[in-house]
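To start, the structure under review is shown below, and the notes come after it.
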Amino acid sequence: MIFLSWLFALLAGLGAVQVLLAARAAARLASAAASDALGLPAAILKPLHGATPQLAENLAATLAQDHAAGFEMLMAVADPADPAAALAAPFCPPGRLLRGGAVLGANRKVSQLVHMAAASDAPVLVLADADMAVGPGWLNAVTAPLAEPGVGLVTCLYRGVAADEGVWSRLTALSVDWHFLPNAALGEALGQARGCYGATIALRAQTLAAIGGFETFLDVLADDHAMGQAVRRLGLRVVLAPVLPGHVMAEAGLAGLWTHELRWARTLRLLNPAGYGGMALTHPIAWAALAVLAAPGALSLGVAGLAFAARFAACAWVDRALGLAPRLAWVLPRDGLSFAIWLAGLWPGRVRWGGERFQISRDGRMHRE
């Protein structure tokens, strides 16, 4: 038990350093100033499914862009009777809504992107999820870098926004703010993440054609990651825009939270097993607690104090960078859930998405059961 306590204490100590570095990276990203460069003419592609929380507000904010180059917004529903269509209709015009269209693959979102891309002749296409709450400078920030030589795709990180005051929605949003955002920001700062984040992806239409169009990704679960890889294979760069839109999160209960976050965890493990293993260091409180349980003593208790202090400080740092009041009462329940989901994600298994169950092959392709 002494050996285990030392091992857990080591993980907790390293994790304490990691979470502080990650918080600093997130704070730097949140304070980064957008470029003054002019954005490019673009079409914003919005796949819709269901009357998701704050959908009307998100669509209104997307249309309210301060974008001198001009843009259009295309939306699509696979089922003409989808309740999202009624919420989208008041925004047409100036937006356009596509109803129906054949389901072309297992990834229904990508199927909708295929239909929207075919309906637009814009030189730049910007993929934006329906649950993204964007500011007026978002479109300019994500299209301007495409004018730079060698840039093939622009993406951005995001912050969590709880759709309601419920416990589960707030815990889901905290997962984004305290885990995803800092860790991804640190990975990007170190040049290790090589990410492409599906909440926003901007690329030229000619670049999309060069990677085979959206059709290439019709059966891929992590279509965003695959797009980034495909663009890099062309010898082009994927860059991170200095903008943080909000990701509106809504969960009615623990079961939904667990299902969604476990799907993300298993997807990450599939894409980058070594990186997923390295995420062990993002849970210093859990390792510190295990160290104390394995062998209570001066060493384990001292490391536990360090881990707790670092984690609470890191969360407060991120909250301050995002302009929020500290939410420290949520640290222990959120970190406990995150550690349990990380452990569960170590085991292979099925994923649930859109009410269906899929097996995921090693190449990231989805197979309905």
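Here are a few things to note about the model shown:
- Heavy atoms of ASP223: accessible area, 1.4 Å probe, square angstrom to 10: 10
- Averaged per residue, region 131-262 has 35 square angstrom of accessible surface, using a 1.4 angstrom probe with ligands and nucleic acids left out.
- For the chain, the membrane-span-like helices by this rule, meaning whole DSSP H stretches whose C-alpha atoms cover at least 20 Å of axis and whose Kyte-Doolittle mean is -1.0 or above, are 2-31, 254-271, 298-321, 331-345; this says nothing about an actual membrane.
- Rounded to 5, percent antiparallel among DSSP beta bridges of the chain: 45
- Stokes-Einstein translational diffusion, region 1-139 - Kirkwood Rh over all Cα pairs, 0.890 mPa s, 25 °C, in µm²/s: 138
- Value of Rg to Rh for region 73-135, rounded to two decimals, is 0.94; Kirkwood radius and Rg both from alpha-carbon coordinates.
- In terms of Cα atoms, the Rg and Dmax of region 133-174 work out to 15.2, 46 Å.
- Net charge of neighbours whose Cβ lies under 14 Å from the Cβ of ALA69, counting Lys and Arg as +1 and Asp and Glu as -1: -2
- Taking all protein chains together and a 1.4 Å probe, the residues LEU299, LEU48, LEU4 rank LEU299, LEU4, LEU48 from largest to smallest accessible area.
- Counting all C-alpha pairs of region 224-302, share separated by more than 14 Å (%): 79
- Percent carbon-and-sulfur accessible area, region 237-279, ignoring ligands, DNA and RNA, probe 1.4 Å: 65
- C-alpha center-to-center spacing [region 16-52, region 100-147] in angstrom: 16
- The charge dipole of region 69-201, taken about its Cα centre with unit charges on the Cβ atoms of Lys, Arg (+1), Asp and Glu (-1) only, comes to about 180 debye.
- In summary, region 52-94 shows an alpha-carbon radius of gyration equal to 1.23 times the 2.2 N^0.38 Å reference for compact globular proteins.
- A dipole drawn for region 227-318 from +1 and -1 charges on Cβ atoms has a positive end, and of LEU270, LEU299, HIS260 the residue lying farthest that way is LEU270.
- Accessible area of TYR276 in the full protein assembly, 1.4 Å probe (Å², nearest 10): 10
- In terms of overall dimensions, region 1-83 has a Cα radius of gyration and Dmax of 22.7, 65 angstrom.
- Solvent-accessible area, 1.4 Å probe, carbon plus sulfur percent, for region 1-152: 65
- The chain, relative contact order [Cα under 8 Å, separation at least 6], %: 26
- Estimated dipole of the chain in Debye, rounded to 20 [Cβ of Lys and Arg +1, of Asp and Glu -1, Cα centre]: 800
The values are calculated or read from the model by the stated rules, or taken from the named source; none is laboratory data. Note that the structure is a prediction, hence the values are computed from the model and not measured. Here Cβ is always computed from backbone atoms with ideal geometry, including for glycine, and neighbour counts include all displayed protein chains. Note: accessible area is taken over every heavy atom of the protein model, side chains too, but ligands, DNA and RNA are not part of it. Shrake-Rupley method; radii C 1.70, N 1.55, O 1.52, S 1.80 Å.
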